[in-house]
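Asks: Attaching a single structure in structure tokens format; questions to follow.
Only the coordinates and a few stated rules stand behind these numbers; no lab work does. Keep in mind the model is a prediction, meaning the values are calculated, not measured. A quick note on method: Cβ atoms are made from the backbone with ideal geometry, for glycine too, and the neighbour counts reach across all protein chains shown.
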Number of protein chains: 2
Amino acid sequence: MIKYAILGLLHYKDMHGYRIKEHIEQNFGHMWSINYGQIYPNLKKLYEDGLISMTEMNQNGEKGPTRKLYSITGKGKKEFSRWLEESPEKPMLLRDPFLMRFVFYGFGDNNRFDEIIDNQVKRYENDLKRRIKNLKKWNKNSIYVRLIAELGINLNEMFITWLKHSKEEILKDISDNTGTEMKTGKRRIT
Amino acid sequence: MIKYAILGLLHYKDMHGYRIKEHIEQNFGHMWSINYGQIYPNLKKLYEDGLISMTEMNQNGEKGPTRKLYSITGKGKKEFSRWLEESPEKPMLLRDPFLMRFVFYGFGDNNRFDEIIDNQVKRYENDLKRRIKNLKKWNKNSIYVRLIAELGINLNEMFITWLKHSKEEILKDISDNTGTEMKTGKRRIT
DNA sequence: CAATATATATATAGAAAGTATATATTAAAA
DNA sequence: TTTTAATATATACTTTCTATATATATATTG
């Protein structure tokens, strides 16, 4: 996927590796993060496959060694379009690091349960605040990025509502089953 | 993370590799998928680190070669608890294969846009149907799994609403900018 | 002006996650 | 009795992600 994402950025404009990372941080910060260890090997592969071309540029005035400026080729545009219309794989809910923990909370310490859930609610709330604050920034970008930013806000609101409701449900379940041993959350994952 | 997820399953009950995969498919199907190439190397690592113990079992009556039955150790339970209370990493919105494509739709063919969006709405709707149908099944499981299943339904409903709204916004944007060249979606990713 | 710090830029090693396939054993079927 | 199917483990390979090493040109400082 990253291969195509990089191709997409080069579809927008010619860039070298360092600039790609900078661009992602400035234009997709908190929605997407990338590392040089993903960028450079992918650029190399895309170049070898003829999906991008390269020219070395010795810059004037600015710091640093020579840049390798990459451009998308005709073949690259074609391959990118193909990917764009391909039907995307379904994301798995439990690949979310919080949700993966959540399914196992039955094995945790009930005394610390409140604290852990409340901390996660706080994390979602901070995230929501940041996203609302940044909404103006996204408005200046592509309509597509702005719509994703709106989705992020909807998601945060939903997660907060869901998690607060879940906390109540779980506390009710814990108090219902106190002492019965056979029906605790711990025993019912199956 | 998978290391801990496997540890969590063994916290519930002793299992061998093959059974772990079966268990995940039956109890977390469509929320989580796993592969033998993730299970066996992780079991090996967990065993080497003393987080689980192993006994070889030659089964009677049932098919197949000897099983390696794994159990969580005291050390394993302690390490699992530590992980459970650790603060989880934030998931990145654009790691979703559909959303990653979505931000680049400005580079696609406007004539095919409707079709692509409508197909994705259909995917979300089918997913929603399946999740509602399976809700009874999750009710028999742990309360935590049931709550995640409810979250899945909320998510699907939200995505459908968001995507239908987004489609209208984008169509409006496309018709507003037709012919102006300078302000099309294509040019405004930045 | 020489030494050093800083920003720019690329490259690669290594861990973790995910896909695909090879190999072996036993019970049941043909 | 040979083949098929289910059970079970193992490993090779790819992709994703994290961390760090290396190099260069400009700016800064003594």
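Asks: Please report, ordered by residue number, every helix of chain B (full DSSP H runs) that is 24 Å or longer along its axis going by C-alpha atoms and whose mean Kyte-Doolittle hydropathy reaches 0.0.
Replies: Helix filter hits for chain B: B:143-177.
Asks: Then there's this: If you wrap a convex hull around the C-alpha atoms of the protein assembly as shown and split its volume per residue, what is the figure in Å³?
Replies: Spread over its residues, the Cα hull of the protein assembly as shown gives 190 Å³ apiece.
Asks: Going highest first, how would you order B:19-31, B:35-47 by mean Cβ packing within 10 Å?
Replies: Top to bottom by mean Cβ count within 10 Å: B:19-31, B:35-47.
Asks: In whole Å, how far is the Cα centre of the stretch A:1-69 from that of the stretch B:131-157?
Replies: So the separation of the two Cα centres works out to 41 Å.
Asks: Could you check how many percent of all C-alpha pairs in chain B are farther apart than 25 Å?
Replies: Distances greater than 25 Å cover 55 percent of the Cα pairs.
Asks: Rg to Rh ratio, the stretch A:111-167, alpha-carbon atoms and Kirkwood radius?
Replies: Result: Rg/Rh = 1.12.
Asks: How far, in whole Å, is the closest Cβ of chain A from the axis that maps A onto B, and which residue does it belong to?
Replies: Of all Cβ atoms in A, the one closest to the rotation axis yields A:Met158, 3.
Asks: Now for a different question. Mean shadow of the stretch A:36-84, computed from the convex hull of its alpha carbons, in nm²?
Replies: The Cα convex hull of the stretch A:36-84, projected and averaged over all directions, gives 4.3 nm².
Asks: I need the P(r) histogram for the stretch B:93-187: all alpha carbon pairs, bin width 5 Å from 0 out to the longest distance, whole percents.
Replies: 2, 11, 18, 19, 15, 11, 8, 6, 4, 3, 1, 0
Asks: With an 8 Å cut-off on Cα pairs and a minimum separation of 6 or more residues, tell me the relative contact order of the stretch B:2-85 in percent.
Replies: This gives 36 percent for the stretch B:2-85.
Asks: A further question follows. Just to check, using Stokes-Einstein with a Kirkwood Rh over alpha carbon pairs, what's the diffusion coefficient of the stretch B:2-85 at 20 °C and 1.002 mPa s in µm²/s?
Replies: Translational D for this selection: 162 µm²/s.
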